[in-house]
Amino acid sequence: MKTVAFLGSYAPRCCGIATFTQDLRSAALRARPGWKAPVVMMSDDLHGYTYPDEVEIVIDQNDQACYRNAAAAINKSGASAVSLQHEFGIYGGPSGAWLISLLQELRVPVVTTCHTLLHTPSPEQNQVMCAVTRLSAKVVIMAEKGREFLQDIYDVPEHKIVVIPHGIPDATVSTEIRERVREEMGWSQRRVMFTFGLLGPSKGIEFAIRALPEIVSRHPEVLYVVAGVTHPNLVREHGESYRQGLMALAVELGVSEHLQFIDRFVSRDELIKFIAAADFNITPYLNEAQITSGTLAYAFGMGKPVISTPYWHAVELLADNQGMLVPFHDSRALAQAANRLLDDEPTALAVSKRAYRQGRTMTWNAVGHRYAETIENVIFAARADRSVLSRVPQPWLTRSSMIACTTKA
């Protein structure tokens, strides 16, 4: 029986990486029911969460000592490998540099999933990313563009790189449930454009709102729904000024009755229903430097037509008429694309079918098997490598002792 530790942020922390880690762990366990899969959770509020039972180690991301302590605990646990989720913002130190001390102390192989790859990193970011990839047995990226970045910018050898798409729920929402959701949300007589995820200026929602007057003049039944809380870092620094600015813009443009905010963190099951109940999805992000978008993957994989700006993940995923791309900062082009979908039902249906077919390769069941195979391969390679120090497996420590060992005395 293998023990694979999953390291990253984790539910109930409200962020995309937390949801991804939880989904990946569940998918891997479905692929390999015999595995043990304890979670090593990065916490931004050590005592602010009720941690689920699978969370065996809690690391205070703002306490540098916790990182080495966590590595020691993992080494003593009998874990065979670590599945690491990398995102600069969830680890402490300059550009998340404290993670490096944890990786340097580990005596088990690491499979790292990169959620952000920067084309022009700062020297500090470049140093951190190069160290993380050097200390990883395999590096998973979710789009082919990432392979190019890893090789050309971060000097990662080809044999280390694995491309596995962002997982999506293999969910089917019945017509009855879809109509019930539409009725409960007040969408029954509306055509719904949907955007979801953490809110912040980089999401470009203001350009979708600026497109509304042209869309509404042709389709007065349109409603633009934006689901999700404002990014916690933005709230700490500026409160809800971004959301308030979006609301004020809608009033200024005379389209406030065509804009609805769902101002809360939406659960996965509820999100699936919202996506199914909407007519199409919009990701109007402001720049190309996004190698992965979970929101795009979810909507695309569920067979929803997607209108998107051409950031890296969208260009790759929506190729071959599997979606509609519009230029950055171009509300007029966005309005024209939306009106085309609203005017032309056969076109919308064709886009939806193409997206759904491609999405079958991205379900969490398929993704879980690929991760399980990758992790098994690095375990076998590590066991064959005599340079890897042998260790005596010990029982996984108790929950209380694990949490204690990662906090300051």
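Each reported figure results from applying straightforward, stated rules to the coordinates on display, with no laboratory input. Just so we're clear, the structure is a prediction, and the values are computed from it rather than from any experiment. Cβ sites come from the backbone with ideal geometry, for glycine too, and all protein chains shown count toward neighbours.
A few notes on this one:
- Helix 205-218 vs. the chain, principal-axis angle (Cα, 0 to 90°, nearest 10): 30
- Burial ordering of H231, H159, H86, fewest other beta-carbon atoms within 10 Å first: H159, H231, H86
- Crossing angle, helix 331-343 versus the chain [Cα axis fit, 0-90 degrees, rounded to tens]: 70
- Other residues within the sphere of radius under 12 Å centred on the Cβ of H231, judged by their own Cβ, net out at +1 (K and R +1, D and E -1).
- For the stretch 1-101, trypsin sites (Lys or Arg not before Pro) meeting the loop criterion (DSSP other than H, G, I, E, B) and having at most 13 other Cβ atoms within 10 Å: none.
- Cα shape, the stretch 175-361, gyration tensor, a/c 1.5 rule: rounded
- Close lysine pairs were tallied over the chain: pairs 8 or more places apart or on different chains with Cα atoms under 29 Å apart number 22.
- A straight chain from A350 to R264 at 0.36 nm per residue would run longer than the Cα-Cα distance by 27.7 nm.
- Protection proxy ranking of 269-280, 324-335, by the mean of other Cβ atoms within 10 Å over each peptide's residues and highest first, is 269-280, 324-335.
- Exposure proxy order (Cβ contacts within 10 Å, fewest to most) of F380, F20, F265: F380, F265, F20
- Rg/Rh for the chain, where both radii come from Cα atoms and Rh is the Kirkwood radius: 0.99
- Here the gap between C130 and D343, fully extended at 0.36 nm per residue and compared with their Cα-Cα distance, gives a gain of 71.8 nm.
- Nearest-ten-degree value, helix 175-184 long axis tilted from longest Cα axis of the chain: 70
- Ranked V315, V251, criterion: other C-beta atoms within 10 Å, fewest first: V251, V315
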